[in-house]
1. Considering the stretch 6-36 alone, what residues qualify as being under 26 Å from Gly57 (Cα atoms), within 16 Å of the chain's Cα centre (by Cα) and open to solvent by less than 60 Å² (accessible area, probe 1.4 Å)?
2. I'm trying to understand the selection: among the residues of the stretch 1-29, which are under 17 Å from Leu45 (Cβ atoms), of a type outside the set (A, V, I, L, M, F, W, C) and not in a strand (DSSP E or B)?
3. Working carefully through the options Thr70, Thr108, find the one that is open to solvent by less than 70 Å² (accessible area, probe 1.4 Å), β-branched (Val, Ile, Thr) and modelled with pLDDT under 90.
4. Determine whether Leu41 is open to solvent by less than 30 Å² (accessible area, probe 1.4 Å), modelled with pLDDT under 95 and within 14 Å of the chain's Cα centre (by Cα).
5. Which condition number does Asp47 fail, the rest of (1) surrounded by 11 or more Cβ atoms within 10 Å (Cβ to Cβ); (2) modelled with pLDDT of 90 or more being met?
6. Is it true that Ala82 is without any contact (Cβ under 8 Å) to a residue 60 or more places away in the chain, surrounded by 14 or more Cβ atoms within 10 Å (Cβ to Cβ) and in a helix (DSSP H, G or I)?
7. Being out of contact with any strand residue (DSSP E or B) (no Cβ under 8 Å at 6 or more places or on another chain) and in contact (Cβ under 8 Å) with a residue 40 or more places away in the chain is the filter here; which residues of the stretch 7-32 pass it?
8. Select, from Val53, Val63, the only residue that is crowded, with 17+ Cβ neighbours inside 10 Å, over 13 Å from the mean Cα position of the chain (by Cα) and β-branched (Val, Ile, Thr).
Amino acid sequence: QHLGAADQLYLFEASADGGVRLAATRPAPPTGSGNRRWLALADLLGDCRALLVSQLGGSPRDVLTRAGVTVYETNGLIAEAAEAVFAGREPAALLPRRGCGTCAGPGTGCA
């Protein structure tokens, strides 16, 4: 989800089998408060390893990065992206849109 539209954050943790599992959810700070929202989000994520989003603007990226939050723009399955972060790798970058024209999916290609 685009960070500006997020009203809830999903926190994942590594599972014993090497995958990830949902550990908790947290409400995102209210929209419409400009940089105050991003500063509050940085505080909210202080105990997290990284933030995974599909997109975000320059202002939230700057505020979060200055606060020490590692931000990854990624697309695809959240479990795969989170597993990469827990394994010390960068998650896959945004995938190019290349829909096959036979479904109403996000255009990231067929599996």
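1. Ala6, Leu9, Leu11, Ala24, Arg26, Ala28, Pro29
2. Listed by number, the residues that qualify are Gln1, Gly4, Asp7, Pro29.
3. Values: Thr70 fails: modelled with pLDDT under 90.
Unique residue meeting the criteria: Thr108.
4. On the way: open to solvent by less than 30 Å² (accessible area, probe 1.4 Å): yes; modelled with pLDDT under 95: no; within 14 Å of the chain's Cα centre (by Cα): yes.
No.
5. Failing condition for Asp47: (1).
6. Details: without any contact (Cβ under 8 Å) to a residue 60 or more places away in the chain: no; surrounded by 14 or more Cβ atoms within 10 Å (Cβ to Cβ): yes; in a helix (DSSP H, G or I): yes.
No.
7. Taking the stretch 7-32 as the starting set, the residues that turn out to be out of contact with any strand residue (DSSP E or B) (no Cβ under 8 Å at 6 or more places or on another chain) are 16-19, 29-32.
Gly18, Gly19, listed by residue number.
8. On the way: Val53 fails: over 13 Å from the mean Cα position of the chain (by Cα).
Val63 is the lone residue from the list that is crowded, with 17+ Cβ neighbours inside 10 Å, over 13 Å from the mean Cα position of the chain (by Cα) and β-branched (Val, Ile, Thr).
The values are calculated or read from the model by the stated rules, or taken from the named source; none is laboratory data. Keep in mind it's a predicted model, so treat the numbers as computed, not measured. Glycine gets a Cβ as well: all are built from the backbone with ideal geometry, and neighbour counts include every protein chain shown. Keep in mind that these areas ignore ligands, DNA and RNA; they rest on the heavy atoms of the full protein, side chains included. Shrake-Rupley method; radii C 1.70, N 1.55, O 1.52, S 1.80 Å.
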